[in-house]
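The values are calculated or read from the model by the stated rules, or taken from the named source; none is laboratory data. Values in this document were obtained by computation on a predicted structure and should not be read as measured data. Please note: Cβ atoms are built from the backbone with ideal geometry, for glycine as well, and neighbour counts cover all protein chains shown. Accessible surface is based on the protein model in full, side chains and every heavy atom, while ligands, DNA and RNA are left aside. Shrake-Rupley method; radii C 1.70, N 1.55, O 1.52, S 1.80 Å.
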Amino acid sequence: MVGLNPSEVSPTTAVKFLGAGTAACFADLLTFPLDTAKVRLQIQGENQATQVARTVQYRGVLGTILTMVRTEGPRSPYNGLVAGLQRQMSFASIRIGLYDSVKQFYTPKGSDHASIATRILAGCTTGAMAVACAQPTDVVKVRFQASIHLGPGSNRKYRGTMDAYRTIAREEGLRGLWKGTWPNITRNAIVNCAEMVTYDIIKEKLLDHHLFTDNFPCHFVSAFGAGFCATVVASPVDVVKTRYMNSPPGHYRSPLDCMLKMVAQEGSAAFYKGFTPSFLRLGAWNVMMFITYEQLKRALMKVQMLRESPF
């Protein structure tokens, strides 16, 4: 047996909310360079007219990270980390922390198990709610990850995270902070369903068939399966979302226009640009997040029970 034992009392919504955000931040800290590499690979090909794009070419996950470190310095893979952590603390807390509560809300009274349709509906709901609240943090994160700084003489558009929020709001209006909301809602509804529903079902089946107990090995297998499914179904929407959010004003008329231009200029394979870093990142992120989340829920419930105990 690995990790803390399951709590005798079901975790409260507050425990799930706090645990999900904290676990997601921990997972982001460890996998952020993979996410940055994914963004760079996804936008490669759309800015070929610029001098910087002709100077820097990325090949593969490791090659992208090494090229960034060589040309922009060792901190470059962590560009946008502050916005990324802000995003996870608000975004993951809602889409993951509230998933069980929303699923229970949609489940008919008297039913022992939630149906797949109910789980999908819960995943879509919490995913959309999370995007509506955390979209500005995602826009800033992508802008930082996509920006290329070749040496100390290169121009930095944003001096820092808070400056980025102010600059985008000033230059593009408040709508600029919510740029790409619809493709992001689509993407995160898909990702949330793939992650939460797949994790939920795999874990449930493993426990029902007594293949694992409710501990580390079960959480690892369930999380790995969730990460793979999420990458396969969400990659096309993720590429469109990244390009649209990173584009200058007027470059694309809409997410649909972005998608059509991608197909016309680069072919349908462009939808799976950055697939390997996406899978490495989502797979590793899901494993770390869900394992940490499960342990945090148990630890927080133990702390809560100790505080409420009279002895």
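Legend: distances between Cα atoms for K16/K141; K109/K205; K109/K141; K109/K297; K179/K297; K103/K241; pairs beyond 30 Å are K109/K141; K179/K297. Once the Cα-Cα distance is subtracted from the 0.36 nm per residue extended length, the V232 to L211 segment shows a gain of 5.0 nm.
Could you size up the charge dipole of the chain around its Cα centre, putting +1 on the beta carbon of Lys and Arg and -1 on that of Asp and Glu, and report it in debye to the nearest 20?
Values: 34 positive and 21 negative charges, 199 e Å.
Computed charge dipole of the chain: roughly 960 debye.
Remark: the chain carries 48 Å² of accessible area per residue (probe radius 1.4 Å; ligands, DNA and RNA excluded).
The helix-only estimate of mean residue ellipticity at 222 nm for the chain, built from DSSP H runs of length n ≥ 4 each weighted as -39500 (n - 2.57), is -23500 deg cm²/dmol after division by the residue total. Once the Cβ-Cβ distance of S115 and R159 is raised to the sixth power relative to R0 = 45 Å, the FRET efficiency obtained is 0.35. Once the chain from T167 to T13 is taken as fully extended at 0.36 nm per residue, the excess over their C-alpha distance is 51.8 nm.
Here the chain yields Rg over Rh of 1.00, to two decimals, using C-alpha coordinates and the Kirkwood radius.
Treating the Cα atoms of region 80-179 as identical point scatterers in vacuum, please give the log10 of the normalised Debye intensity I(q)/I(0) at q = 0.16, 0.19 Å⁻¹, two decimals. Log10 I(q)/I(0), no solvent term: -0.73, -0.88.
Debye-formula intensities of region 130-221, expressed as log10 I(q)/I(0) at q = 0.22 Å⁻¹, are -1.03 (one equal scatterer per alpha-carbon, no solvent).
The per residue volume of the convex hull around the alpha-carbon atoms of region 175-254 is 90 Å³.
Using a cut-off of under 16 Å, list every residue of region 233-268 whose amide N is near the label point 7 Å from the Cα of A132 along the Cα-to-beta-carbon line. No residue qualifies, since no backbone N sits under 16 Å from the label point. What percentage of the solvent-accessible surface of the chain, computed with a 1.4 Å probe over protein heavy atoms, is contributed by carbon and sulfur atoms? Looking at the chain in its full context, I get 65 percent from C and S. To the nearest ten degrees, helix 13-43 and the longest principal axis of the Cα atoms of the chain are 30 degrees apart.
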